[in-house]
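The values are calculated or read from the model by the stated rules, or taken from the named source; none is laboratory data. Keep in mind it's a predicted model, so treat the numbers as computed, not measured. As a convention, Cβ positions derive from the backbone with ideal geometry for all residues, glycine included, and neighbour counts pool all protein chains shown. Just the protein is used for accessible areas: all its heavy atoms, side chains included, with ligands, DNA and RNA removed. Shrake-Rupley method; radii C 1.70, N 1.55, O 1.52, S 1.80 Å.
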Amino acid sequence: MSDRARLPLWEVFIRPRNGLAHRHVGSVHASDAEMALMAARDVYTRRGEGRSIWVAPASAIAASDPDEKAEMFDPADDKTYRQPTDYHVPEEVGDM
Amino acid sequence: MSDPTLFQYVLGLADDQLVLGHRLSQWTGRAPILEEELALGNIALDLIGQARGLYQYAGALEGAGRDEDALAYHRDARGYLNLTLVEQPNGDFAQTIARQLFYTAMALPFWQAMTASTDQRLAAVAAKAEKETAYHLRHATEWTARLGDGTDESHRRMQAAINQLWAFTGELFEMIAAEAGLAAAGIAPDRKTLRAAWDRTIDATLSDASLTRPDDSWMAEGGRDGLHGEDLGHMLAEMQSLQRMHPGLQW
Amino acid sequence: MYAQGLINASGDPNAAETPEQLARFQARIDAEEKIEARDWMPAAYRKTLIRQISQHAHSEIIGMQPEGNWVTRAPSLRRKASLLAKVQDEGGHGLYLYAAAETLGISREEMQDQLLSGAAKYSSIFNYPTLTWADIGAIGWLVDGAAIMNQIPLCRCSYGPYARAMVRVCKEESFHQRQGYEIMTTLAQGAPEQKAMAQDALNRWWTPSVMMFGPPDTDSVHSDQSMTWKIKRFTNDALRQRFVDATVPQADYLGLTIPDPECKWNDVTQHYDIGPLDWDDFWKVVKGGGPMNRQRIAARQKADDDGAWVREAALAYAAKRSTQQEAAE
């Protein structure tokens, strides 16, 4: 039974309505992109959840390694000068 | 309101959708891929929804107090007016896809034409059905291509299904006497005019799938007069069993 | 991103787990941090999740059968549509859950093989047959009611992909129990034969539903570790009690009798008591001795076998078309 035909895995991204970005909602198995799109429509938009669908082969997505999380993301944590709250504006000037 | 001609016509349309929807619902738990369980369920639900709208209208046209369930559950096979194509058993997945292809290739131009009906209720049903059917046709053509041009086995099965169901396609374009009158009045599409669009869809789909269009020979007829094959009676006996065992109850 | 051979992102799957790694992991759990697919996790955590999520997925898929048994006999068009939509949802839930398990490095096909070979279990309740239409009402009311009790806490499970799948499942399931209870209400308020049908269904489904929460806490093998890992949030008995407390008044409203003479309100505990449950019978059914075990697996096997040529065709077509495309480029 281990020789059974395996349909590739696709990641599904749906735009809930225009104006919003596509968001990862889950995955489907399908033989090709057209079938993956149809499967995503039938599986993930049954309750009117979508206005646009992207599918991508799971194998085509490159992901960052969690073991490199510290070097990847920690350096951004203390750059407070990128935040508006880091700067003082005299009260008399009002909102800025 | 009582209009026997239009009533019969709408009832036949309702029966088409219900019988096909019921057939597809028989795939529940049996689909070849989990994703396809959901696809077939969606199509079945669209068709059952179309049937309900049409039965409700038919009941109003008849004016005898019969609701959607009285019409669906209390007529036997002789009273059912559906096309014989839609009652054909599911068979293997190829036969189900061939049935879907033949029916929806007609149904899409049919509903498109019906959106221009002078009958407001039918035009409203058509506006919804048109979109649903466009997707059903996409589903059927995509699968026809994959089965026709997949493996040797799938090609053989798909061609066999096309050949076997071909005899039920002539009826898609038959006009019963009453229907011709409704077409003349701008209420119903003229089925003869749907033929060209159907031929185009079928020829393109079969050719893309490396499948051969069968020659026309004997064609089934009689569905609109309640003359069916033997399978429909069994399907209805199962579908109607509770209503028939306990008549007059609410469920 | 998912399921791409990431048994252990940092290398050897058999590498020894150091006490520091385990402590760091537990600290993340204790801080209510979600664990994601590629994060380091103890092998036992992964194994527990694969077992639990795949069992959950199998239960959804096998659970389509008892209700699917009535799709073609639903007694009205409205009931037909809602039952079909419900059974279809269960297929969808199985799919979401298989996908969640796949993030842990097991394929859907491997899980399906485990189901068909009997190596993987599914909820034992689906090994009982649906004999009458009222069983569809009882399943929606009791079985989905019990499932919801189990599933809502899983939306906060420590493993992100499982928790997210459960959020979707719970949202979609919100109509399932109501659908079942509406059927029961219609029957209970209907003709005498309908009310009898409803009572008979309650009689047969009550005990298996109460047992859906699993063995008592004193006998539950996996419970403690799962609680520590925050895969589980409440014990079997706590969830069972919650279900009984919610369900008994609903039966009262229907005018139906819970088939347990010892089931009554306890003023001291402020909960309903229930009589002792026959756990030997439960284990017998889990291990294959239920009325429908063989048929359920045989039906699954048949669908799988019948679909093999379709899956092969789809793959062959995709391969041909991509070759043609490459040739054209």
Output for region B:24-41, where each listed residue is crowded, with 24+ Cβ neighbours inside 10 Å, within 18 Å of residue C:69 (Cα to Cα) and either modelled with pLDDT under 95 or more than 7 Å from chain C (Cβ to nearest Cβ) (or both): B:24, B:40
Give the residue, chosen from B:94, B:113, B:98, B:107, that is modelled with pLDDT of 95 or more and surrounded by fewer than 24 Cβ atoms within 10 Å (Cβ to Cβ). B:113
Residues satisfying the stated conditions in region C:270-304, i.e. free of Cβ contacts under 8 Å to residues at least 12 places away in the same chain and either at the interface with another protein chain (Cβ under 10 Å from one of its Cβ atoms) or in contact with a His (Cβ under 9 Å, 6 or more places away or on another chain) (or both): C:302, C:303
Can you tell me which residue within region A:62-83, out of those that are assigned to a loop (DSSP other than H, G, I, E, B) and under 16 Å from residue C:36 (Cα atoms), is most open to solvent (accessible area, probe 1.4 Å)? A:62
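Kindly indicate whether residue B:82 is in contact with a Leu (Cβ under 8 Å, 6 or more places away or on another chain) and either under 21 Å from residue B:23 (Cβ atoms) or open to solvent by 30 Å² or more (accessible area, probe 1.4 Å) (or both).
Details: in contact with a Leu (Cβ under 8 Å, 6 or more places away or on another chain): yes; either under 21 Å from residue B:23 (Cβ atoms) or open to solvent by 30 Å² or more (accessible area, probe 1.4 Å) (or both): yes.
Taking the combined requirement at face value, the residue satisfies it.
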Of these, C:125, C:136, C:152, which one is surrounded by fewer than 19 Cβ atoms within 10 Å (Cβ to Cβ) and under 29 Å from residue C:255 (Cβ atoms)? C:152
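What helices (runs of 4 or more DSSP H) completely inside region B:28-129 contain at least 1 residues that are of a type in the set (Phe, Trp, Tyr) and touching a residue at least 60 places away in the same chain (Cβ under 8 Å)? Give the steps one after another, and end with the answer.
Details: elements: B:34-62, B:68-73, B:84-87, B:93-114.
Passing ranges, in order: B:34-62, B:68-73, B:93-114.
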Tell me which of these residue C:104 doesn't satisfy, since it passes every other one: (1) touching a Phe, Trp or Tyr at 6+ places or on another chain (Cβ under 6 Å); (2) not in a helix (DSSP H, G or I). (1)
Kindly list the number of the only condition in (1) at pLDDT below 95; (2) open to solvent by 20 Å² or more (accessible area, probe 1.4 Å) that fails for residue C:120. (2)
Conditions (1) within 20 Å of residue C:114 (Cβ to Cβ); (2) open to solvent by 20 Å² or more (accessible area, probe 1.4 Å); (3) of a type in the set (A, V, I, L, M, F, W, C); (4) in contact with a Ser or Thr (Cβ under 7 Å, 6 or more places away or on another chain); number of the one not met by residue C:315: (1)
Using the structure shown, decide if residue A:15 is in contact with a strand residue (DSSP E or B) (Cβ under 6 Å, 6 or more places away or on another chain) and open to solvent by 70 Å² or more (accessible area, probe 1.4 Å). no
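Yes or no, residue by residue, for (1) farther than 15 Å from residue C:95 by Cβ; (2) at pLDDT 95 or above; (3) within 7 Å of chain C (Cβ to nearest Cβ):
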| site | (1), (2), (3) |
| --- | --- |
| A:1 | yes, no, yes |
| A:23 | yes, yes, no |
| A:31 | yes, yes, yes |
| A:40 | no, yes, no |
| A:43 | no, yes, yes |
| A:48 | yes, no, no |
Contact list please: Cβ distance under 7 Å, first residue in region C:20-45 and open to solvent by 40 Å² or more (accessible area, probe 1.4 Å), second residue among the hydroxyl-bearing types (Ser, Thr, Tyr), pairs at least six apart or on different chains. C:34/C:158; C:40/C:10
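Residue-wise test of (1) over 13 Å from the mean Cα position of the chain (by Cα); (2) charged (D, E, K, R); (3) crowded, with 20+ Cβ neighbours inside 10 Å.
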site: C:143; (1), (2), (3): no, no, yes
site: C:160; (1), (2), (3): yes, no, no
site: C:170; (1), (2), (3): no, no, no
site: C:177; (1), (2), (3): yes, no, yes
site: C:187; (1), (2), (3): yes, no, yes
Residue C:79 vs (1) in a helix (DSSP H, G or I); (2) within 14 Å of chain B (Cβ to nearest Cβ); (3) within 18 Å of the chain's Cα centre (by Cα); (4) not small (Gly, Ala, Ser): all pass except (3)
Is at least one residue of region A:5-22 over 28 Å from residue C:36 (Cα atoms) and either part of a strand (DSSP E or B) or touching a helix residue (DSSP H, G or I) at 6+ places or on another chain (Cβ under 8 Å) (or both)? yes
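Looking at the structure I just gave you, is residue B:210 part of a loop (DSSP other than H, G, I, E, B), among the polar types (S, T, N, Q) and surrounded by 13 or more Cβ atoms within 10 Å (Cβ to Cβ)? Outline the logic, then answer.
On the way: part of a loop (DSSP other than H, G, I, E, B): yes; among the polar types (S, T, N, Q): yes; surrounded by 13 or more Cβ atoms within 10 Å (Cβ to Cβ): yes.
For residue B:210, the condition - part of a loop (DSSP other than H, G, I, E, B), among the polar types (S, T, N, Q) and surrounded by 13 or more Cβ atoms within 10 Å (Cβ to Cβ) - is met.
I'd like to check something: does region C:266-279 contain any residue that is in a helix (DSSP H, G or I) and open to solvent by less than 90 Å² (accessible area, probe 1.4 Å)?
We begin by selecting, within region C:266-279, every residue in a helix (DSSP H, G or I); these are C:279.
With the extra rule that they be open to solvent by less than 90 Å² (accessible area, probe 1.4 Å), the set shrinks to C:279.
Yes, region C:266-279 contains at least one residue that is in a helix (DSSP H, G or I) and open to solvent by less than 90 Å² (accessible area, probe 1.4 Å).
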Counting only residues that are open to solvent by less than 10 Å² (accessible area, probe 1.4 Å) and either small (Gly, Ala, Ser) or outside any helix (DSSP H, G or I) (or both), region C:46-74 contains a total of 4
How many residues does region B:164-185 contain that are charged (D, E, K, R) and closer than 21 Å to residue B:101 by Cα? 2
Only one of (1) at pLDDT 95 or above; (2) loosely packed, with under 15 Cβ neighbours inside 10 Å; (3) more than 25 Å from the chain's Cα centre (by Cα) does not apply to residue C:302, and that is (3)
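Taking the options C:269, C:228, name whichever one is at pLDDT 95 or above, over 17 Å from the mean Cα position of the chain (by Cα) and among the hydroxyl-bearing types (Ser, Thr, Tyr). Can you show your working first?
On the way: C:228 fails: at pLDDT 95 or above.
Only one candidate passes the filter, namely C:269.
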Residues in region C:305-329 that are away from chain B (no Cβ under 12 Å) and among the hydrophobic types (A, V, I, L, M, F, W, C): how many? 2
So for region B:126-142 (the condition being open to solvent by less than 20 Å² (accessible area, probe 1.4 Å), farther than 24 Å from residue B:44 by Cβ and at pLDDT 95 or above), does at least one residue qualify? no
When residue C:226 is run through (1) more than 19 Å from residue C:281 (Cβ to Cβ); (2) in contact with a Leu (Cβ under 9 Å, 6 or more places away or on another chain); (3) hydroxyl-bearing (Ser, Thr, Tyr), the failure sits at (2)
For region A:21-31, state whether one or more residues are open to solvent by 50 Å² or more (accessible area, probe 1.4 Å), more than 30 Å from residue C:312 (Cα to Cα) and free of Cβ contacts under 8 Å to residues at least 12 places away in the same chain. yes
